[in-house]
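Here the structure comes first, spelled out in structure tokens, and everything after it is commentary.
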Amino acid sequence: MKNHFFSICCLLFFSAGKIFSQITFPTNGAPNKNHNVYVFQNCSLHVDYQTVIAKATLIVKDGIIIEAAEKVTTPIVAGAVVVDLKGKHVYPSFIDMHSDYGMPDVKTPPKNGFGPQMESSQKGSYAWNMAVKPETDAYKLFVHDQKTADEMRRLGFGAVLTSQKDGVVRGTSTFVSLANAKENECVIKDKAAVGFSFRKGNSPQDFPESQTGAIALLRQTYLDAQWYSLLTTKTEYNIALETFNQQKELPQIFETTDKLNVLRADKIGDEFKVNYIMKGSGNEYQRITDMKETNCRFILPLNFPEAFDVEDAFDAEQVSLTDLKHWEMAPVNPGAFEKYFINFSLTLNGLKDKKSFYKNLRKAIEYGLSEKTALKALTYNPAEFLGVQNKVGSLKAGMLANFFISNKNVFEEGSVIYENWVNGMQNKFSDMNTPDISGKYTLSNVLTPSGNFTIKQNDDKFSGTVILKDTTKTSVTISFKSNAITIYYYSDSANIVRLSGNYDQATKTFSGKGQKGNGDWFDWKLLYMSEIKKDSAKTAEKKPVKIGDVIYPFVAYGKKWDDDNIVQRFKNRLGAILIKDATVWTNEA
């Protein structure tokens, strides 16, 4: 009997341990045991970059997609929140592969006294050079940043690959969601990739002082790691080399600052049998065939240069043809990668203002990038590059509920993102049920018995004009939310008129109470007459962009890129070139 009692106690003890071990972070208040189910019906569902289902249904439970189809088979349980999207578009949330979201600022360690510093000041068995720090793990540094997350969510992003961009060997990046949640709920993949560059970053050591030195340091690190891995009896323990060797199976991302640095990095990759994912700079179109030959995948920015100020003749003299030509051709870059069948993803990195993302993306589409490839570069490709395509990048059963809702094709001018759901949590930016109230109306009140009234609507922002008794047209300020409207305008230079009322969608009529400048109240009505005629000049079909020619070399007197052998033809234009009295850095071993 005692043995039986002891067995029951052990069973209860270990069962309790199993239950309580499922929660490792404290909860503020009682745990939420509700299983939230959301059903989004009647939507244009972009399952992935190549599949669109009209009048589809999307079912989400506890942050996971249960089913996405035209006719779902999953029964809708009692208590589920059912949303009729009335034909609106649903897309997988975008993914950014080159971010520093949630990362602390990189601090420069103090120098060791005055003069050159050749040795590391870092205590411990780390690399001899402080620009080599593979032991840095971004997931240990990550802190949720609500403000930055909201900026990106408003653009349609739901997850990012983030890390500190510091050093030649940068350590691991972490893949996180942009959910408004604790850090432990945001990390999707702790060690998702490894970072490299030709910049030493904030290391106080003098070496490397140049790109040549950075190349030498990186190659030496690879050689040291190879030697270290082959030691049968280790005479030392090196944290950097130990970690470096452990990271070989992760995706390797190399940040470059120029098309030629892509080729230099690829040469190192070939030497050590590493196929890097190249973070481009935006000028790769100038050597697109060489980019193709690297057999690398790319992360491309949309940082197109602004037009130069050349009003002053002296300022204009300082602008090179190379700079002007790049300003003209930069939007071609993503389309050139598509044309040459090079896989790439797109990033917000490099934009001075994140709000210019859609402006530049649409410009890239105008210059040759297809909408299908643009969507692929923002969803499937980054997920596939990182090996998380079973979690994000499309809207299929079992995947994270990362999606956003827009009024129409998100790549079209005037598209609006109403909501972005990340980890199944709603982030609402504007009311998608706000009716379109733009149009011409007749305003009836004691001040303007038959005044012409116009309302213009842009997303959830409203403006308007009214014609007064003396035929003067004056602007009005409008606030409209949940079918309640507030209007105010000046009936003359000294008196303000305030109108408050409600909207009847069936009759497209507003009515309510108004107040004069002297405090008297009155009744008013706003009767819909007709829609606003669109400006024919603005609605005229856009003419196709006339794209200039890529030249090689990309300087004055460069030749038109008329075939893909132009680079080789240029190199072979002379039989031989003799260079005398020079010290040549070959970057060879």
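What FRET efficiency do you get for K469 and D436 if R0 is 30 Å and r is their Cβ-Cβ distance, rounded to the nearest 0.05? Walk me through the numbers before you get to the answer.
Numbers: r = 29 Å, r/R0 = 0.98.
Once the sixth-power term is evaluated, E becomes 0.55.
Any chance you could give the angle, 0 to 90 degrees and rounded to 10, that helix 2-20 forms with the longest Cα principal axis of the chain?
Once rounded, the angle reads 70 degrees.
When the Karplus curve 6.51 cos²θ - 1.76 cosθ + 1.60 is applied with θ = phi - 60°, which whole-Hz ³J(HN,Hα) does each residue of the range 455-470 get, with x for Gly and Pro?
Listing the rounded values in order: 10, 10, 10, 10, 6, 10, 10, 10, 8, x, 9, 9, 9, 7, 4, 8 Hz.
Return the subset of K339/K461; K133/K325; K481/K543; K88/K355; K359/K543 for which the Cα-Cα distance in this structure is over 28 Å, preserving the input order.
Details: K339/K461 39 Å; K133/K325 39 Å; K481/K543 38 Å; K88/K355 23 Å; K359/K543 17 Å.
Violating the 28 Å limit, Cα to Cα: K339/K461; K133/K325; K481/K543.
Below 8 Å, C-alpha to C-alpha, sequence gap of six or more: please give me the relative contact order for the range 439-537 in percent. Walk me through the numbers before you get to the answer.
Details: 216 pairs, mean separation 24.2, N = 99.
Here the relative contact order equals 24 percent.
Over the chain, what is the relative contact order in percent, taking alpha-carbon pairs closer than 8 angstrom and at least six residues apart? Intermediate results must be reported in sequence, preceding the final value.
On the way: 1120 pairs, mean separation 68.9, N = 589.
About 12 percent, as a whole number.
Considering only C-alpha atoms, what is the centroid distance from the range 369-389 to the range 114-171, in Å?
25
So for the chain: antiparallel DSSP bridges make up what percent, rounded to the nearest 5? Kindly include the intermediate steps, with their values, before the conclusion.
Details: 83 of 109 bridges.
Here the antiparallel bridges make up roughly 75 percent for the chain.
Take the range 439-537, compute every pairwise Cα distance, and split them into 10 Å bins from 0; I just need the percent in each bin.
15, 54, 27, 4, 0
First obtain the Kirkwood hydrodynamic radius of the range 177-336 from its Cα pairs, then insert it into the Stokes-Einstein equation at 37 °C and 0.692 mPa s, and state the resulting D in µm² per second as a whole number.
Details: Rh = 18.8 Å.
Taking Rh from Cα pairs, D becomes 174 µm²/s.
Evaluate E = 1/(1 + (r/R0)^6) for L321 and K508, where r is the Cβ-Cβ distance and R0 equals 51 Å; express this FRET efficiency to the nearest 0.05.
Working: r = 57 Å, r/R0 = 1.12.
Plugging the Cβ-Cβ distance into 1/(1 + (r/R0)^6) gives 0.35.
In the chain, with Lys and Arg counted as +1 and Asp and Glu as -1 at Cβ, which of these residues, G414, V77, A240, has the Cα nearest the positive end of the dipole, that is, farthest along it?
V77
For the range 485-589, what's the relative contact order in percent, using C-alpha pairs closer than 8 Å and at least 6 residues apart? Write out the running numbers ahead of the final one.
Values: 97 pairs, mean separation 12.5, N = 105.
Value for the range 485-589: 12 percent.
Along Cα→Cβ, 7 Å out, is where each label goes; now give me the distance between the ones at D150 and F25 in nm to one decimal.
Each label point is offset 7 Å from its Cα along the Cβ direction, giving 2.0 nm.
Restrict the search to the range 386-492; then list the chymotrypsin sites (Phe, Trp or Tyr not before Pro) that DSSP places in a loop and that have at most 11 other Cβ atoms within 10 Å of their Cβ. Display every interim value, and only then the final one.
Details: sites: F403, F404, F411, Y418, W421, F429, Y441, F453, F462, F480, Y488, Y489, Y490; in loops: F411, F429.
Here no chymotrypsin sites (Phe, Trp or Tyr not before Pro) fit, given the DSSP loop and packing criteria.
Output the direction-averaged projected area (hull surface divided by four) of the convex hull of the alpha-carbon atoms of the range 253-402, in nm².
10.4
With +1 on each Lys and Arg Cβ and -1 on each Asp and Glu Cβ, how big is the dipole of the range 439-537 about its Cα centre, in debye rounded to the nearest 20?
Values: 13 positive and 9 negative charges, 20 e Å.
Roughly 100 debye for the range 439-537.
For every helix of n ≥ 4 consecutive DSSP H residues, a contribution of -39,500 (n - 2.57) applies; sum these over the chain, divide by its total residues, and give [θ] at 222 nm rounded to the nearest 500 deg cm²/dmol.
Working: 16 runs with 139 residues, N = 589.
Rounded to the nearest 500, the figure is -6500 deg cm²/dmol.
Just from the alpha-carbon atoms, what are the Rg and Dmax of the range 116-232 in angstroms?
17.0, 54
Report the Cα centroid-to-centroid distance between the range 83-109 and the range 541-577 in angstrom, as an integer.
With the range 83-109 and the range 541-577 each reduced to a Cα centre, they are spaced 37 Å.
Using the per-residue mean of other Cβ atoms lying within 10 Å as a proxy for protection, in what order, highest first, do the peptides 341-350, 207-216 fall? Don't skip to the end; give the middle numbers.
Working: 341-350: 20.7, 207-216: 16.5.
Descending packing order for the listed peptides: 341-350, 207-216.
Under the 0.36 nm per residue contour assumption, what length would be gained going from the current alpha-carbon distance of V52 and V310 to full extension? Before the final figure, lay out the partial values.
Numbers: separation 258, 0.36 × 258 = 92.88 nm, distance 4.63 nm.
The V52-V310 span can extend by a further 88.3 nm.
Would you mind checking which residues have amide H under 5 Å from V550's amide H? H placed 1.01 Å from N; only 5 or more apart, or other chain.
The list, which skips near neighbours in sequence, is W561.
The range 286-324 to the range 202-233: how many Å between their Cα centroids?
So the separation of the two Cα centres works out to 32 Å.
Between A216 and D562, what length comes free when the chain is fully extended (0.36 nm per residue of separation minus the Cα-Cα distance, one decimal in nm)? Before the final figure, lay out each step's value.
Values: separation 346, 0.36 × 346 = 124.56 nm, distance 3.67 nm.
Result: 120.9 nm gained on full extension.
Where does the chain land on the Kirkwood hydrodynamic radius, alpha-carbon pairs, in angstrom?
Working: mean 1/r = 0.0348 Å⁻¹.
Averaging 1/r across every pair of different Cα atoms and inverting gives 28.7 Å.
Any chance you could tell me what percent of the C-alpha pair distances in the range 72-170 go past 20 Å?
Values: 2951 of 4851 pairs.
I get 61 percent for the Cα pairs in the range 72-170 exceeding 20 Å.
If you take the beta carbon distance between L578 and V143 as r and set R0 to 56 Å, what does 1/(1 + (r/R0)^6) give as a FRET efficiency, to the nearest 0.05? Working shown, then result.
Values: r = 59 Å, r/R0 = 1.05.
Efficiency computed from Cβ-Cβ geometry: 0.45.
Projecting each Cα onto the charge dipole of the chain (Lys/Arg +1, Asp/Glu -1 at the beta carbon, about the Cα centre), which of A377, I467, N275 comes out farthest on the positive side?
The listed residue farthest towards the positive side: I467.
Please report, in debye to the nearest 20, how large the charge dipole of the chain is about its Cα centre when each Lys and Arg carries +1 at its beta carbon and each Asp and Glu carries -1 there. Before the final figure, lay out each step's value.
On the way: 71 positive and 66 negative charges, 271 e Å.
The calculation lands at about 1300 debye.
Please state the shape class of the range 376-483: rounded when a/c is under 1.5, otherwise prolate if a/b exceeds b/c and oblate if not, all from the C-alpha gyration tensor. Mind showing how you got there, number by number?
Numbers: a/c = 5.31, a/b = 3.47, b/c = 1.53.
Cα axes put the range 376-483 in the prolate bin.
Just list whichever of K273/K559; K189/K396; K408/K525 have alpha carbons separated by over 23 Å in the model shown.
Numbers: K273/K559 35 Å; K189/K396 19 Å; K408/K525 32 Å.
Listed pairs above 23 Å: K273/K559; K408/K525.
From the backbone phi of the range 93-102, what are the Karplus-calculated ³J(HN,Hα) couplings (6.51 cos²θ - 1.76 cosθ + 1.60, θ = phi - 60°) in whole Hz, Gly and Pro given as x?
Coupling constants for the range 93-102: 4, 6, 10, 10, 8, 9, 9, 10, 4, x Hz.
Please list the non-local residues whose amide H lies under 5 Å from the amide H of F94, H modeled 1.01 Å from N, same-chain partners needing a gap of 5 or more.
Hits under the 5 Å cutoff: F157, G158.
By count of other Cβ within 10 Å, fewest leading, how are S173, S475, S493 ordered?
Values: S173 32, S475 12, S493 5.
Fewest-to-most Cβ neighbours within 10 Å comes out as S493, S475, S173.
Taking the Cα atoms only, what angle lies between the long axis of helix 259-271 and the longest principal axis of the chain, rounded to 10 degrees?
50
Want the number for L263 to L250: 0.36 nm per residue separation, take away the alpha-carbon distance, what's left?
2.6 nm
Every number here is computed from the coordinates shown, using simple stated rules; none is lab data. The structure displayed is predicted, hence computed values, not measured ones. Because the Cβ atoms are built from the backbone with ideal geometry, glycine has one as well, and the counts that use them run over all protein chains shown.
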